[in-house]
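First up is the structure itself, then whatever we jot down about it.
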Amino acid sequence: MNGVSANIKRGKLKGRALDATALAEVRALLGDEPRRRDLLIEHLHKIQDRYAHISAAHIVALAREMKLATAEVFEVATFYHHFDVVKEGDSHPPALTVRVCDSLSCELAGAQPLLAKLKAALGPKVRVIPAPCIGRCEQAPAAVVGQNPVAQATVDKVKAQVAANKTRCAVGKYTGYDEYRKRGGYRIAVECLAGKRDAEDILKTMEDAGLRGLGGAGFPAGRKWRILRGERRPRLLAINIDEGEPGTFKDRYYLERDPHRFLEGMVIAAWTAQISEVYIYLRDEYAGCRAILERELAALQKNPPCPLPPIYLRRGAGAYICGEESAMIESIEGKRGMPRLRPPYVAQVGLFGYPTLEHNMETLHWVRDILEQGASWFAGHGRHGRKGLRSFSVSGRVRKPGVHLAPAGITVKELIDEYCGGMLPGHKFYAYLPGGASGGILPAAMGDIPLDFDTLQPYDCFIGSAAVIILSDHDKASAAARNLMKFFADESCGQCTPCRVGTAKALTLMQAPKWSKDLLEELSGAMADASICGLGQAAPNPIRCVAKHFGHEIE
């Protein structure tokens, strides 16, 4: 047959037929929402939320409705953990899913036994699966029933949530819009938009304060604003609240208590850098924060204190890689979250091809305080020659895990003793992760190093987003490294071979009682040198730290 007739059978093109019922269901879910390409992930969420899975018929119908290729919709839906795509002929998952975090802090607290017990206790009508870090490390072991988190989870606690059908995330008490305004909130934003403040003065204050990006990269915030002001218009602002780094939960902590402090910082940054539109990217695990932001953005926009740019809240779908700025931008555009090759950098060619200011949520959280109290107030904090404040997410073997606001440059020993109530009873400080999964592992003997940007690099570690995980003499650094490498292997986007193959191969080698250090080092070098983004580049850090500082565990 020729090329055309080979694809025709009885007058119909080959391929999956459109199901009229599925199309009607998709149209009902989408309603009057635009069918733009960048809303694909938002529309997939609507289907997942309604049916607890996404069928092949719904994918075809959504593709038709959005005028996209079926393959394009399928590849996006299957990229993200939180979309349960059911292929034709397969049975769909149970209506309720219980996720048990098995990242490092939760594994230390007994996640694996809990998983096994829950599978036996809940039976076949409830799906129980392991999940990567859900940003509740201080509540370890943590589980999620539907979208409802369960702190210090036990079988009885989870069963009670399932029996009561408590699958929605409850929202606790926080400072809402009216109360925030009564406390002087948005005063600086109003002054900026009214022309009572000078952009250059704000830039200088931010630069003098020394505030650096608190998502992990540590780029000076004031300098970033100044760079964006020099780029072509329109300019966009993309805010990263996809804190998927194991051990990190500070952004959730602040959002659950004082969301408008961050939102005011956002408005000030947008005015200073002359931003046209704002996109907030929130990780899907934070259903409670999403409810808060939806409510408070509506209140802000209904009664704005000053002119606001258009603000869009976008929902992630379970992908650690989307914490990388260019992968996040791809996801906001409705694509798979795959990092872009650079240059060009997002400040020149970012979201939708426009110059983009990318910020972590906590960075913007501090803007109001710095502008109210002055650069010297923020820079005046610090220890051991360092300047500023740091929000440390501390978990592991301490009495008081949680977010602890402490001076930049504090040592981990000081942090444990002064802020965390010491070690758990019967536990002796053995090792620590200064910067989450990516930041490396150091022994307790090196617990006097100031914790800040630039202080840990000489030891092949970094502070990142200040996620500190404490290990005791009940633990092994080599086991912790295996847990971290499993996470990296599961979360690699697969775009580049060094990361995709390297993390999986490294995990296999690390499961041996005696590690092949030479082979692992060769593999680490390939990942660090040739991976496209920070995931593959940082994945070798736990390997190298264990080989250097904990060799007795792997020889």
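Only one entry in Leu282, Leu237, Leu211 is closer than 30 Å to Glu107 by Cβ and touching a strand residue (DSSP E or B) at 6+ places or on another chain (Cβ under 8 Å), namely Leu282.
Of everything in segment 128-143, what is of a type in the set (A, V, I, L, M, F, W, C) and either open to solvent by 20 Å² or more (accessible area, probe 1.4 Å) or in a helix (DSSP H, G or I) (or both)? Give them in sequence order. Walk me through how you get there before you give the answer.
The first filter runs over segment 128-143 and keeps only residues of a type in the set (A, V, I, L, M, F, W, C), leaving 128-129, 131, 133-134, 137, 140, 142-143.
The answer is Ile129, Cys137, Ala140.
Being polar (S, T, N, Q), part of a helix (DSSP H, G or I) and surrounded by fewer than 24 Cβ atoms within 10 Å (Cβ to Cβ) is a description that applies to Gln301. Residues that are under 24 Å from Met485 (Cβ atoms) and open to solvent by less than 40 Å² (accessible area, probe 1.4 Å) within segment 109-127 comprise Gly110, Ala111, Leu114, Leu115, listed in sequence order.
Looking at segment 20-108, what helices (runs of 4 or more DSSP H) fall wholly within it and have at least 3 residues that are open to solvent by less than 60 Å² (accessible area, probe 1.4 Å) and either at pLDDT below 95 or not β-branched (Val, Ile, Thr) (or both)? Before the answer, list the steps.
Working: elements: 20-30, 40-51, 56-66, 70-77, 104-108.
Once the helices (runs of 4 or more DSSP H) in segment 20-108 are filtered for at least 3 residues that are open to solvent by less than 60 Å² (accessible area, probe 1.4 Å) and either at pLDDT below 95 or not β-branched (Val, Ile, Thr) (or both), what remains is 20-30, 40-51, 56-66, 104-108.
Inside segment 452-464, can you point out the residues that are surrounded by fewer than 19 Cβ atoms within 10 Å (Cβ to Cβ) and either of a type in the set (Gly, Ala, Ser) or in a loop (DSSP other than H, G, I, E, B) (or both)? Passing the criteria: Asp454, Asp460. Give the residue, chosen from Ile470, Ile449, that is part of a loop (DSSP other than H, G, I, E, B) and among the aliphatic types (A, V, I, L, M). None of the other options fit; the residue is Ile449. Scanning segment 356-402 for residues that are surrounded by 17 or more Cβ atoms within 10 Å (Cβ to Cβ) and at positive phi turns up Gly382, Gly388, Gly396, Gly402. Taking segment 471-525 as the range and being farther than 30 Å from Gly426 by Cβ, open to solvent by 70 Å² or more (accessible area, probe 1.4 Å) and not charged (D, E, K, R) as the test, the residues that pass are Gln495, Thr497, Val501, Thr508, Leu519.
Of all residues in segment 314-349, how many are of a type in the set (Lys, Arg), farther than 20 Å from Cys133 by Cβ and at pLDDT 95 or above?
From segment 314-349, those of a type in the set (Lys, Arg) are 314-315, 335-336, 340, 342; that's our starting set.
Imposing the further condition that a residue be farther than 20 Å from Cys133 by Cβ reduces the set to 314, 335-336, 340, 342.
Among the residues that remain, those that are also at pLDDT 95 or above are: 314, 335-336, 340.
Here the count works out to 4.
Restricting attention to segment 481-502, does a residue exist that is β-branched (Val, Ile, Thr), under 22 Å from Glu243 (Cβ atoms) and without any contact (Cβ under 8 Å) to a residue 40 or more places away in the chain? Within segment 481-502 (the criterion being β-branched (Val, Ile, Thr), under 22 Å from Glu243 (Cβ atoms) and without any contact (Cβ under 8 Å) to a residue 40 or more places away in the chain), the answer is no, since none of the residues qualifies. Within segment 184-235, track down each residue that is closer than 30 Å to Gln537 by Cβ, open to solvent by less than 60 Å² (accessible area, probe 1.4 Å), in a helix (DSSP H, G or I) and touching a residue at least 40 places away in the same chain (Cβ under 8 Å). Met206, Ala209, Ala221, Lys224, Trp225, Leu228 - these are the residues of segment 184-235 that are closer than 30 Å to Gln537 by Cβ, open to solvent by less than 60 Å² (accessible area, probe 1.4 Å), in a helix (DSSP H, G or I) and touching a residue at least 40 places away in the same chain (Cβ under 8 Å).
So which of Ala437, Ala431, Ala489 is hydrophobic (A, V, I, L, M, F, W, C), within 23 Å of Lys514 (Cα to Cα) and over 24 Å from the mean Cα position of the chain (by Cα)?
Numbers: Ala437 fails: over 24 Å from the mean Cα position of the chain (by Cα); Ala489 fails: over 24 Å from the mean Cα position of the chain (by Cα).
Answer to the selection: Ala431.
Restricting the search to segment 337-383, which residues are more than 26 Å from the chain's Cα centre (by Cα), in a loop (DSSP other than H, G, I, E, B) and without any contact (Cβ under 8 Å) to a residue 24 or more places away in the chain? Matches in segment 337-383: Gly380 only. If you check Asp460, Asp475 for being over 25 Å from Gln152 (Cβ atoms) and acidic (Asp, Glu), only one passes: Asp460.
Residues are listed down the side, and each one gets a yes or a no for (1) touching a residue at least 60 places away in the same chain (Cβ under 8 Å); (2) under 30 Å from Pro141 (Cβ atoms):
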residue	(1), (2)
Leu40	yes, no
Glu65	no, no
Asp84	no, yes
His92	no, yes
Leu118	no, yes
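Please determine whether any residue of segment 432-442 is open to solvent by 10 Å² or more (accessible area, probe 1.4 Å) and touching a strand residue (DSSP E or B) at 6+ places or on another chain (Cβ under 7 Å). No - not one qualifying residue is present in segment 432-442. Within segment 499-547, the residues that satisfy the criterion of being touching a helix residue (DSSP H, G or I) at 6+ places or on another chain (Cβ under 9 Å) and basic (Lys, Arg) are Arg500, Lys505, Lys517, Arg544.
For segment 442-471, a residue qualifies if it is among the small types (Gly, Ala, Ser), out of contact with any Phe, Trp or Tyr (no Cβ under 7 Å at 6 or more places or on another chain) and closer than 15 Å to Ser393 by Cβ, and the qualifying residues are Gly464, Ser465, Ala467. From the list Asp258, Asp251, the one residue that fits, being open to solvent by less than 60 Å² (accessible area, probe 1.4 Å), under 29 Å from Gly353 (Cα atoms) and either in contact with a strand residue (DSSP E or B) (Cβ under 8 Å, 6 or more places away or on another chain) or of a type in the set (D, E, K, R) (or both), is Asp251. When segment 311-325 is filtered for residues that are within 18 Å of the chain's Cα centre (by Cα), surrounded by fewer than 24 Cβ atoms within 10 Å (Cβ to Cβ) and either among the polar types (S, T, N, Q) or not in a loop (DSSP other than H, G, I, E, B) (or both), the ones remaining, listed by number, are Tyr312, Leu313, Arg314, Arg315.
Scan segment 275-298 and give yes if some residue there is assigned to a loop (DSSP other than H, G, I, E, B) and farther than 26 Å from Ala52 by Cβ, otherwise no. Yes: one or more hits.
The values are calculated or read from the model by the stated rules, or taken from the named source; none is laboratory data. Being a predicted model, the structure only gives us computed values, none of them experimental. Glycine gets a Cβ as well: all are built from the backbone with ideal geometry, and neighbour counts include every protein chain shown. Calculation scope for accessible area: heavy atoms of the full protein, side chains included, ligands and nucleic acids excluded. Shrake-Rupley method; radii C 1.70, N 1.55, O 1.52, S 1.80 Å.
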